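K.L.:
Got a structure here, written out as structure tokens. Questions coming.
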Amino acid sequence: MTRYLISFNDGAMDHIPEGDWPDVGKASHAVMQEAVNAGVLVFGAGIERQQASVVATDGMVSDGPFPETKEVIGGFTVVDVASRAEALEWAARIAASCRCAQEVRELMPDPETDAMLHAAGRRW
């Protein structure tokens, strides 16, 4: 199985009228339940708008993202599926429920981290 990040940009859902948010939430949670039932959901969440901090290699913390940043992630879902085609199918379901386009990226495997999590009794 391969893990994929399915994400959308902050502001991508700004076109949704206030009164539609309950329906969007219900539709989005229904897709997440389908992913749970299918055994492919690893994790997903929305991200607080512009509440980022940047931590440098020396530990220095600054507010972020940087002003010149044009796009930041507004929310994401990680799925563990058999193929890119399957990840794209899940992205299409999420896009329909959230009413915004989704970006799909394959996550690089890390067998050492997977082994650490497995030894700790946790799934990535």
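K.L.:
All but one of (1) free of Cβ contacts under 8 Å to residues at least 40 places away in the same chain; (2) in contact with an Asp or Glu (Cβ under 8 Å, 6 or more places away or on another chain); (3) of a type in the set (D, E, K, R); (4) more than 16 Å from Cys98 (Cβ to Cβ) hold for Arg3; which doesn't?
P.N.:
(1)
K.L.:
Related question: Exactly one of these conditions fails for Glu71: (1) surrounded by 13 or more Cβ atoms within 10 Å (Cβ to Cβ); (2) in contact (Cβ under 8 Å) with a residue 40 or more places away in the chain; (3) under 15 Å from Ser7 (Cα atoms). Give me its number.
P.N.:
In the conditions (1) surrounded by 13 or more Cβ atoms within 10 Å (Cβ to Cβ); (2) in contact (Cβ under 8 Å) with a residue 40 or more places away in the chain; (3) under 15 Å from Ser7 (Cα atoms), Glu71 misses (1) alone.
K.L.:
Continuing with the same structure: How many residues does segment 87-104 contain that are closer than 15 Å to Gly74 by Cα and of a type in the set (D, E, K, R)?
P.N.:
2
K.L.:
Okay, moving on. With Ala96, Ala120 as the choices, which residue is free of Cβ contacts under 8 Å to residues at least 60 places away in the same chain and either in contact with a helix residue (DSSP H, G or I) (Cβ under 9 Å, 6 or more places away or on another chain) or farther than 26 Å from Gly46 by Cβ (or both)?
P.N.:
Of the residues listed, the single one that is free of Cβ contacts under 8 Å to residues at least 60 places away in the same chain and either in contact with a helix residue (DSSP H, G or I) (Cβ under 9 Å, 6 or more places away or on another chain) or farther than 26 Å from Gly46 by Cβ (or both) is Ala120.
K.L.:
Please return the ranges of helices (runs of 4 or more DSSP H) entirely within segment 14-124 where 2 or more residues are at pLDDT below 90.
P.N.:
Ranges flagged: 111-119.
The values are calculated or read from the model by the stated rules, or taken from the named source; none is laboratory data. Quantities reported herein were computed from a predicted structural model and do not represent experimental measurements. Please note: Cβ atoms are built from the backbone with ideal geometry, for glycine as well, and neighbour counts cover all protein chains shown.
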